[in-house]
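Worksheet: the structure to be examined is printed underneath.
Laboratory data are not the source of any read-out in this text; all were calculated from the coordinates shown. Keep in mind it's a predicted model, so treat the numbers as computed, not measured. Cβ: placed from backbone, ideal geometry, glycine included. Neighbour counts: every protein chain shown.
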Amino acid sequence: DAGVIQSPRHEVTEMGQEVTLRCKPISGHDYLFWYRQTMMRGLELLIYFNNNVPIDDSGMPEDRFSAKMPNASFSTLKIQPSEPRDSAVYFCASSLEWAYGYTFGSGTRLTVV
Amino acid sequence: GESVGLHLPTLSVQEGDNSIINCAYSNSASDYFIWYKQESGKGPQFIIDIRSNMDKRQGQRVTVLLNKTVKHLSLQIAATQPGDSAVYFCAENEGDYKLSFGAGTTVTVRA
């Protein structure tokens, strides 16, 4: 298994632009999570899905952030418009229904200038 | 809300010595805990987990201890190696498959 796959690995964009981060979870995993990591706030849960349905999006910072999971093998996190304070590493993770331990992807390092 | 926190932000260890990383948690209802290792430029990697009905669990060179009385979690690494240099996070299950992560401890192994 290739693990959780995220793309792109690095993204540099200008303030105001739309950014889309992508994630392919491990096949068969029923849960998918989006986390954001910064030096100041550590790892923060943004949103998670169960069987492609968003369950808890209370961590999504603003309406500028949105996430979708159109099918079991793909999810996106979109920021529109992006701001410099959105600069962070964004991680996607997935897990099996019966196992709590997550498997994380390698992350997308987003820089908004 | 309640949160998970780490006692020490950094730990410097001589190669070959044992390492102990500590973590305090505040949610007495948490029933599942995980230790993750994060190397530079990578995502967190699962090390070992423990459920609240246990007080000790061993893996390969690692042991996790859980003291529910004082709400304390520790990770012991035996015979620390250079490859163990990383940031270590404890995480607790807040229910509904949500994990809350601590701030992280940076472990540096001295040759």
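Can you pull the mean other chain C-beta count within 10 Å for peptide A:36-48?
Details: counts 0, 5, 0, 0, 0, 1, 8, 11, 2, 6, 0, 0, 4.
Average per residue, whole number: 3.
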Along each principal axis, Cα extent of the range B:1-98, largest first, Å: 37, 28, 22
FRET efficiency, 1/(1 + (r/R0)^6) with R0 22 Å, evaluated for B:ASP96 and A:MET40 via beta carbons: 0.30
Pairs beyond 21 Å (Cα-Cα), from B:LYS42/B:LYS71; B:LYS71/B:LYS98; A:LYS68/B:LYS42; A:LYS68/B:LYS37; A:LYS24/A:LYS68; A:LYS24/B:LYS42: B:LYS42/B:LYS71; A:LYS68/B:LYS42; A:LYS68/B:LYS37
Signed unit charges on C-beta, dipole axis of the range B:33-84, positive-most listed residue B:SER52, B:GLN38, B:THR63: B:SER52
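How big is the charge dipole of chain B about its Cα centre, in debye rounded to the nearest 20, if each Lys and Arg gets +1 on its Cβ and each Asp and Glu gets -1 on its Cβ?
140 debye
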Under-5 Å amide H pairs with B:LEU11, H placed in peptide plane, nonlocal only: B:THR106, B:VAL107, B:THR108
Pair A:LYS68, B:ARG57: separation of 7 Å Cα→Cβ label points (nm): 3.7 nm
For the range A:29-44 versus the range B:60-111, the gap between their alpha-carbon centres in whole angstrom: 17 Å
Sorted by Cβ density within 10 Å, fewest first, the residues B:SER40, A:SER75: B:SER40, A:SER75
Neighbour cut-off at most 12 other Cβ (10 Å), DSSP loop, GluC sites (Glu not before Pro), the range A:1-75: A:GLU14, A:GLU18, A:GLU62
Relative contact order (percent, whole number), the range A:1-72, Cα cutoff 8 Å, 6+ residue spacing: 21 percent
14 Å reach of a label modelled at A:VAL12, 7 Å along Cα-to-Cβ, counting backbone N of the range A:70-113: A:109-113
Most mobile of A:MET40, A:MET69, A:MET15 in a GNM of chain A (Cα contacts under 10 Å): A:MET40
